[in-house]
Amino acid sequence: MSDQARRIKRGEVRAAARLMRDLDDRVPGAQAVLRELYAAAGRAHVVGITGPAGCGKSTLADQLLEAARKEGQKVGVVAVDPTSHISGGAVLGDRVRMQRHARDPRVFIRSLASRGSLGGLSRSVFDTVTVLDSMGKDLILVETAGVGQDGVKVAGAAHTVLVVLAPGLGDEVQAIKAGVLEIGDIYVVNKGDRSGCEPLLRSLRWALEGKPCEVVKTCARTGAGVGPLFKLIAEHRSALQAGAGWQERSRGMARAAFLERLEAGMKETLSGRLRREKSLQKLQEDLACRRTDPDTAARRALRELIKRGQR
Ligand SMILES: Nc1nc2c(ncn2[C@@H]2O[C@H](COP(=O)(O)OP(=O)(O)OP(=O)(O)O)[C@@H](O)[C@H]2O)c(=O)[nH]1
Ligand SMILES: [Mg+2]
């Protein structure tokens, strides 16, 4: 095992931070270190936190961090920060919000900017989770914005999925649209200090009737309700571990990371071949002159690609 992998497994923050940076920059050799770590990872409880912008995910993550630290757990946080999208470079947003933990050597917080990383984002999240896991973290919180497919996909690749909503954000419609009513293990109505929580709780309970999930109310600002939420998260872990659930979820997570990589690789290969290969170029010319149509052209290209790929 490489020296870097060994240091990461001992929980050394600097070695882990360097690998994460190298992975993002596609530094040669970084994936090889990750490969070494992967086999031994898979112990941490990965908790996805998703929900619309501004509903309090980061504030809640900070409170959960605090609760976990009080129990002596080692915690990692991966936060996909959409605010950096708006203000450009406000990547520090989440770190500031979780600052009180920044100096704790048993806590590792990583913010990823969602700006300019189409597709590559979920890859960074999956890789970061693997690194944190092999550092020996007990709990890994993964925060993503829930509106949009990517957030749901990433947060859905967890052992336990928290869907956070808050009154006054028009969440109900958004939530149903983004498909979050399908993915949550625990639904959190945050901003419990604001009016409008009760109707939201009621309609959520109604929409989730018969589904195996919990609905709770919190106020992340004051910490009210966070204790019971933390307990529900631990109970969910125990329930998974008591049956086949833990294995199933872990398998789903590995599959999500694998599919993400596979799709990206296929897209890359495809666009390279479309650019290079004569017969495929001709096909595109025919398409441009309407000698063929997109559907026919795609079918023909697929046949050619598969045929030649087998050689
Ligand atoms: N009143 C009230 N405000 C809250 C509560 N929780 C969070 N907030 C505030 O809501 C705002 C957004 O909180 P964040 O934790 O950044 O929300 P987020 O979901 O992480 O936001 P994005 O990551 O940008 O999607 C902040 O100003 C918080 O202080 C709460 O329980 N009550
Ligand atoms: Mg946030």
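Take the alpha carbon gyration tensor of the range 1-40, find the square roots of its eigenvalues, order them as a ≥ b ≥ c, and report rounded if a/c is under 1.5; if not, report prolate when a/b exceeds b/c, else oblate. Spell out each step's value before the answer.
Working: a/c = 2.01, a/b = 1.22, b/c = 1.64.
Oblate, since a/c reaches 1.5 and b/c is not below a/b.
What whole-number value in cubic angstrom gives the convex hull volume per residue for the C-alpha atoms of the range 179-250? Please list the in-between numbers first.
Numbers: hull volume 7.2 nm³, N = 72.
Per residue, the Cα convex hull of the range 179-250 comes to 101 Å³.
Cα extents of the range 260-309 along the three principal axes, largest first, in whole Å?
35, 19, 19
Between the range 13-51 and the range 196-216, what's the alpha-carbon centroid distance in Å?
36 Å
About the Cα centre of the range 202-311, what is the dipole size in debye to 20, counting +1 per Lys and Arg Cβ and -1 per Asp and Glu Cβ, all else neutral? Display every interim value, and only then the final one.
Details: 25 positive and 13 negative charges, 71 e Å.
Dipole size: approximately 340 debye.
Based on the alpha-carbon gyration tensor of the range 179-309 and its eigenvalue square roots a ≥ b ≥ c, which shape applies: rounded if a/c is under 1.5, prolate if not and a/b is larger than b/c, or oblate?
Values: a/c = 3.72, a/b = 2.46, b/c = 1.52.
It is prolate, given that a/c is not under 1.5 and a/b is the larger ratio.
Could you list Y38, Y187 in order of exposure, starting from the residue whose Cβ has the fewest other Cβ atoms within 10 Å?
On the way: Y38 17, Y187 26.
So the residues, fewest neighbours to most, are Y38, Y187.
None of the figures in this text is laboratory data; all of them are computed from the coordinates on show. Treat the numbers as computed from the prediction; the structure is a model and nothing was measured. Neighbour counts are summed over all protein chains in view; Cβ atoms, including those assigned to glycine, are modelled from backbone coordinates with ideal geometry.
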